[in-house]
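Read-outs throughout are calculated quantities, based only on the coordinates presented, and are distinct from any laboratory measurement. All values reported here derive from a predicted model rather than from experimental measurement. Backbone-built Cβ (ideal geometry, glycine too); neighbour counts: all protein chains shown.
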Amino acid sequence: MCVSKRCVAAARQRHRLLCLTAMLLCCVAWLLLLRWQSRHLHQVAHDGVAPADVGRGDISSSAVPRYNPIVAPRRMESGLSEVLGYDGGAYGHSVTSPPSRDRSKTRRRGDFIVEYGVFNASRRYGYNDTVTIATQCTVDYLHHLSAMMVRWEGSVSVAVYAPSRDYHVAKLAIARMRECSAAILERATFHLFYHDQYRPLTSPSPSSSSRRRRCGEAVATSYVRERPLRYPISVARNVARVGADSHFVLTVDIEFLPSARLMSRFVAMVREEVRRQGEGYLRRKVVYAIPVFEVKRTVTSAPTSKRHLVRLLGSGDAIVFHQHKCWACQRIHGFEAWMRLNSSQVLEPFI
């Protein structure tokens, strides 16, 4: 009897050890996967494709054609953009007046140092008179902002991850962009942040200040890419969102193109709802989801109307964002009905 009890106890102990070993192996595999994703994120080529989960990436497969990201609201004449929620969406805050926050200060977010309002937009909007795009990037992606500003009428809050020498490179690049573009000078506010371990160098490196960049010229590389460092996408998005100075915020990656006149049409829609329902409408916590599309890189210009977009979808030159990677993840509710719907100059929820 004693021998049997010892055998059972030994078997139980072996079972526990096996379970612990399996758990440890799973943890190691997960850490290796995260490390691979981090390295992959900063080694991919600049192909203009931006997955929503990490902020940028590469759709590269022999069976999948290369596409560039565009976006399209569900009911409007124009054919490009993202959402009005997190990770591609517009947040409505639960207040109807600006929160009392000083965004021109240095603050700490966990292990990161954030410098809000390093460059502030020269124009000030009423709190409910605009939708602010909250976007983020590293210094070598800043040049994408120019294309976005051509289509966007409202304000933009840009969080730039600028560790080590990238800090001074970012400041020089942004200053030059503000000289070259009246839209960026007037409507874009920039915030710089970096990990506590990679604080800015005490003085700019010779390469960062050796020459004056041409208008529209991209920064060739970055400290983040060369190391490579993991890109803190969630921190970046939150910094940009906190730095936004309006009731509604559109969170979108910097490579994406918003629909023409999306902001003014959205504001007009909200004002109509406030007229019908009262100020209480603005106190509701609402996310307005806007579908995202991609066009082939061979398409010379992004669609400027829904009719143009539908035609590209029919020919296969445009697809729903990440359609070939995870259709169930990106599936658009009522997509077929939206395709058949005649375009309208009025923006309204498609339910």
Could you please rank Asp253, Asp196, placing first whichever residue has the fewest other Cβ atoms within 10 Å of its Cβ? Asp196, Asp253
Extending each Cα 7 Å along its Cβ direction at Lys285 and Asn342, get the distance between those two points in nm, one decimal. 4.0 nm
Residue-span extension gain [Phe335 to Arg275] - 0.36 nm each, minus C-alpha spacing: 18.6 nm
I need the calculated FRET efficiency for the pair Gln13 and Arg230, taking r as the beta carbon distance and R₀ as 41 Å, to the nearest 0.05. 0.55
